[in-house]
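Some notes on the structure that comes next.
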Amino acid sequence: QVQLVESGGGLVQPGGSLRLSCAASGSIFSIYTMGWYRQAPGKQRELVATITSVLSTNYADSVKGRFTISRDNAKNTAYLQMNSLKPEDTAVYYCNAKRPATGTNYWGQGTQVTVSS
């Protein structure tokens, strides 16, 4: 079992930055692929970025060059640095942990990000 707690969301103006954190507990953090997903009102949840245990990263086209995913295994924490934010980035952002060997997924409760002037 893995418990995930997101933090760092909030209201920011277009062009601004936020850093989301996802603190994990309950299992061996380093073996999990960590990911960030988001869901805007009336839309399906979509992938934002993932980072594997060997630090391979993947990004949605819409965030490439603006967002950076990282992890600190010593702190059992994953991060999402979001720069040059746009109103269309407004969504609830969810942290995900996936165990590659079994495909088991765990989700955080989500944190709201609102980009508005």
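Would you be able to say whether some residue in region 45-68 is among the basic types (Lys, Arg) and in contact (Cβ under 8 Å) with a residue 40 or more places away in the chain? Can you show your working first?
Initially, region 45-68 is screened for residues among the basic types (Lys, Arg), giving 45, 64, 66.
With in contact (Cβ under 8 Å) with a residue 40 or more places away in the chain added as a condition, the list becomes 45.
Yes, region 45-68 contains a residue that is among the basic types (Lys, Arg) and in contact (Cβ under 8 Å) with a residue 40 or more places away in the chain.
Report yes if Tyr32 is open to solvent by 30 Å² or more (accessible area, probe 1.4 Å) and under 14 Å from the mean Cα position of the chain (by Cα), otherwise no. Steps first, answer last, please.
Details: open to solvent by 30 Å² or more (accessible area, probe 1.4 Å): no; under 14 Å from the mean Cα position of the chain (by Cα): yes.
Here the answer is no, as Tyr32 does not meet what is asked.
Looking at region 1-20, is at least one residue outside any loop (DSSP other than H, G, I, E, B), crowded, with 16+ Cβ neighbours inside 10 Å and at pLDDT below 95? Looking for residues that are outside any loop (DSSP other than H, G, I, E, B), crowded, with 16+ Cβ neighbours inside 10 Å and at pLDDT below 95, one finds none in region 1-20, hence no.
The set of residues from region 58-93 being of a type in the set (S, T, N, Q) and in contact with an Asp or Glu (Cβ under 9 Å, 6 or more places away or on another chain) comprises just one member, Ser62.
Of the residues Asn105, Asn58, Asn76, the single one that is of a type outside the set (Lys, Arg), in contact with a Lys or Arg (Cβ under 7 Å, 6 or more places away or on another chain) and either on the phi > 0 side of the Ramachandran plot or open to solvent by 20 Å² or more (accessible area, probe 1.4 Å) (or both) is Asn105.
The values are calculated or read from the model by the stated rules, or taken from the named source; none is laboratory data. Here the structure is a predicted model, which means the values were calculated and not measured. With ideal geometry, Cβ positions are generated from the backbone for all residues, glycine too; neighbour counts draw on all protein chains shown. Only protein heavy atoms, including side chains, enter the accessible area calculation; ligands, DNA and RNA are left aside. Shrake-Rupley method; radii C 1.70, N 1.55, O 1.52, S 1.80 Å.
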